[in-house]
Amino acid sequence: QVQLVESGGGLVQAGGSLRLSCAASGRIFSNTAMGWFRQAPGKEREFVAAIKWSSGYTYYADSVMGRFTISKDNAKRTVYLQMNSLKPEDAAVYYCAATSNINVRSANVYAYWGQGTQVTVSS
């Protein structure tokens, strides 16, 4: 099993930047993918980005393409989400998750989830 802990959330102005971290413990297999999802009040949980642990291949939602970057540090067992040019509509609770399924854009294939970290963007 894998345990995930997010950190780095906070309050930023529109146009600003923030970096989220997700520290993983337990087994990470070669076919594991790590994903970031977000959920705003009254909205469905949506895919943001994902990265394959072994290859480093990345995936992004169209809404964040060019603004957000997902990366990892194998030695630290940590996944990052660098968020630039933040917009008010980016405000949400951000969750880190892990899966061995190849369909990394679907929330229902992720078996492990962190507790979430709040991101607030002021106008």
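General observations
Residue-by-condition table, conditions (1) under 15 Å from residue 115 (Cβ atoms); (2) open to solvent by 50 Å² or more (accessible area, probe 1.4 Å); (3) part of a loop (DSSP other than H, G, I, E, B); (4) without any contact (Cβ under 8 Å) to a residue 40 or more places away in the chain:
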residue: 5; (1), (2), (3), (4): yes, yes, no, no
residue: 11; (1), (2), (3), (4): no, yes, no, no
residue: 15; (1), (2), (3), (4): no, yes, yes, no
residue: 29; (1), (2), (3), (4): no, yes, yes, no
residue: 34; (1), (2), (3), (4): no, no, no, no
residue: 44; (1), (2), (3), (4): no, yes, yes, yes
residue: 48; (1), (2), (3), (4): no, no, no, no
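- Condition check for residue 64: touching a residue at least 40 places away in the same chain (Cβ under 8 Å) and open to solvent by less than 30 Å² (accessible area, probe 1.4 Å): no
- Residue check for residue 103: within 19 Å of residue 59 (Cα to Cα), within 15 Å of the chain's Cα centre (by Cα) and surrounded by fewer than 21 Cβ atoms within 10 Å (Cβ to Cβ): no
- Selection from the range 87-100 of residues that are open to solvent by 10 Å² or more (accessible area, probe 1.4 Å), over 16 Å from residue 29 (Cα atoms) and over 12 Å from the mean Cα position of the chain (by Cα): 87, 88, 89, 91
The values are calculated or read from the model by the stated rules, or taken from the named source; none is laboratory data. As the structure is a computational prediction, the values presented were derived from the model and not from experiment. Glycine gets a Cβ as well: all are built from the backbone with ideal geometry, and neighbour counts include every protein chain shown. In case anyone asks, the SASA skips ligands and DNA or RNA and just uses the protein heavy atoms, side chains included. Shrake-Rupley method; radii C 1.70, N 1.55, O 1.52, S 1.80 Å.
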